[in-house]
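Structure record follows, encoded as structure tokens.
Just so you know, all these numbers are worked out from the coordinates, no wet-lab data involved. Bear in mind that the values here come from a model prediction, so they are computed numbers and not experimental data. Here Cβ is always computed from backbone atoms with ideal geometry, including for glycine, and neighbour counts include all displayed protein chains.
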Amino acid sequence: MKKYILDLFVTENIRLHDRYVLLKLTSKTILPEILPGQFAEIRVDGSPTTFLRRPISINYVDRQKNEVWFLIQLVGDGTKHLGEAKKGNCINVVLPLGNGFTMPQKPSEDLLLIGGGVGIAPLLYLGEQLVEKGSKPTFLLGARSGNDLLQLTDFAQYGELYITTEDGSLGEKGYVTQHSILNKRKYKKIYTCGPKPMMMAVAKYAKSKGIDCEVSLENTMACGIGACLCCVENTIEGHLCVCKEGPVFNINKLLWQI
Ligand SMILES: Cc1cc2nc3c(=O)[nH]c(=O)nc-3n(C[C@H](O)[C@H](O)[C@H](O)COP(=O)(O)OP(=O)(O)OC[C@H]3O[C@@H](n4cnc5c(N)ncnc54)[C@H](O)[C@@H]3O)c2cc1C
Ligand code: FES
């Protein structure tokens, strides 16, 4: 897919939590085709310590408003600068990067989208696109506590929503892989994004039940276009750049010891 370097403009910067912002950006031209699971490399202006662009998932694309959304966890200098963007500010992005999630060949009601922490970000757009194509996804989202679960009303628009928190403050107490829904229903496909240990646990569960499963990896990236080799993952096809060949991989392709 063709990639674009675009100057986008902040329409809203919503502080969802002390550590998370939702940045909504618009373009003066019509935004290009963007698939769920793809990401952008965002230039960080004004930070003396952030030289490289930061990879951030496409959270949602609002075609009516010609907006692309990014859900950003403020972890270091780069993301903190992005979090300070004001309405009208210009932010330069390269998008769409990587390969997205595989959409089902025909509409399905047996799709489970499992997200953890800020890894829920790409699943909102995936959920919306699945619904658009006639599927009925189920979401299972997990976090340390209820405060860390974001965009729940947005997710609930697109399917059944189940929740786990480690401290039990919202939904069932425990990890996503311990949620009771997994014992009650058999899904045909799982899509997941989140911390690596969570994705490995989800992949292990999927493998044990014979469920097809795709994971979206967040290996550390620099160029985002397959040039610097800093994001490689060991796969059955050798070392592959996550930015170019992923970030979405079928678990059968990965050499995870699960
Ligand atoms: C494909 C992909 C999609 C992502 N989507 C999102 C998203 O939707 N929302 C979100 O909040 N975060 C997302 N991330 C993680 C985000 O890129 C990092 O949190 C961000 O780059 C940290 O930058 P920083 O300057 O704030 O922090 P730094 O001070 O540079 O580092 C803080 C932490 O972030 C990690 N990190 C630093 N640079 C990178 C990098 N270039 N790539 C990956 N990790 C890095 C470091 O290991 C460290 O643990 C994604 C990462 C990838 C690879
Ligand atoms: S980030 Fe440079 S090759 Fe993937």
**OP:** For a footprinting-style exposure proxy, rank R43, R185 by other Cβ within 10 Å, fewest first.
**Re:** R185, R43
**OP:** Run down the aspartates and glutamates and flag those whose C-alpha is under 14 Å from the C-alpha of K3, throwing out any fewer than 8 positions away in its chain.
**Re:** E33, E41
**OP:** Provide the per-residue ³J(HN,Hα) series for the stretch 183-197, in order, calculated from phi with Karplus coefficients 6.51, -1.76, 1.60 and θ = phi - 60°, each as a whole number of Hz, with x at glycine and proline positions.
**Re:** 8, 8, 10, 9, 9, 8, 8, 10, 10, 9, 8, x, x, 4, x
Original post:
Which ³J(HN,Hα) values in Hz, rounded to whole numbers, follow from the phi angles of the stretch 243-258 under the Karplus curve 6.51 cos²θ - 1.76 cosθ + 1.60, where θ = phi - 60° and Gly and Pro get x?
Top reply: 5, 9, 8, x, x, 8, 10, 6, 4, 5, 8, 8, 9, 6, 7, 10
Original post:
Tell me, in nm to one decimal, what length is gained between I258 and Y4 on full extension, where the rule is 0.36 nm per residue of separation less the Cα-Cα distance?
Top reply: 87.7 nm
Original post:
Taking amide H positions as placed 1.01 Å from N in the peptide plane, with prolines and chain starts having none, which residues 5 or more places from E12, or on another chain, fall under 5 Å of its amide H?
Top reply: K24
**OP:** May I ask you to work out the translational diffusion coefficient for the chain at 25 °C, viscosity 0.890 mPa s, via Stokes-Einstein with Rh from the Kirkwood sum over Cα pairs, reported in whole µm²/s?
**Re:** 132
**OP:** Quick one: which residues, 5 or more positions from V44 or on another chain, have an amide H under 5 Å from its amide H? H modelled 1.01 Å from N in the peptide plane, none for Pro or chain starts.
**Re:** R54
Subject >> Fewest-first sequence of C243, C90, C223 by Cβ atoms within 10 Å of each Cβ >> reply: C90, C223, C243
Subject >> Within the chain, percent of DSSP bridges classed antiparallel, to nearest 5 >> reply: 60
Original post:
What is the gain in length, in nm to one decimal, between Q178 and L16 on full extension, counting 0.36 nm per residue of separation less the C-alpha to C-alpha distance?
Top reply: 55.6 nm
**OP:** Assuming a ≥ b ≥ c are the square roots of the Cα gyration tensor eigenvalues, decide whether the stretch 116-258 counts as rounded (a/c under 1.5), prolate (otherwise, with a/b larger than b/c) or oblate.
**Re:** prolate
Original post:
Counting Lys +1, Arg +1, Asp -1, Glu -1, what net charge surrounds L124 among other residues with beta carbon under 12 Å of its beta carbon?
Top reply: -3
**OP:** Scan around E166 for amide H atoms under 5 Å from its own, H built in the peptide plane at 1.01 Å from N, and keep only partners 5 or more places away or cross-chain.
**Re:** A143, R144, S145, G174
Subject >> Percent RCO, i.e. relative contact order, over the stretch 1-139, from Cα pairs under 8 Å lying at least 6 residues apart >> reply: 30
Subject >> the stretch 33-73 residues near the modelled A227 label - backbone nitrogen below 20 Å, point 7 Å along Cα→Cβ >> reply: 39-45, 50-56
**OP:** Could you pull out the pairs from K189/K253; K87/K244; K204/K253; K24/K136; K188/K244 whose alpha carbons sit more than 24 Å apart here?
**Re:** K87/K244; K24/K136; K188/K244
Original post:
How large is ³J(HN,Hα) for each residue in the stretch 224-235, as worked out from phi by the Karplus curve 6.51 cos²θ - 1.76 cosθ + 1.60 (θ = phi - 60°), to whole Hz, x for Gly and Pro?
Top reply: x, 10, x, 9, 9, 6, 7, 10, 5, 10, 7, 9
Subject >> Cβ-based exposure ranking for M103, M221, in which fewest neighbours within 10 Å come first >> reply: M103, M221
**OP:** Springs between alpha-carbon atoms under 10 Å, Gaussian network over the chain: tell me which of D18, D212, D167 tops the mean-square fluctuations.
**Re:** D18
Subject >> Relative contact order of the chain, pairs being alpha-carbon contacts under 8 Å that are 6 or more residues apart, as % >> reply: 17
Original post:
In deg cm²/dmol and to the nearest 500, what is the mean residue ellipticity at 222 nm of the chain if only DSSP H runs of at least 4 residues count, each as -39500 (n - 2.57), divided by the residue total?
Top reply: -4500 deg cm²/dmol
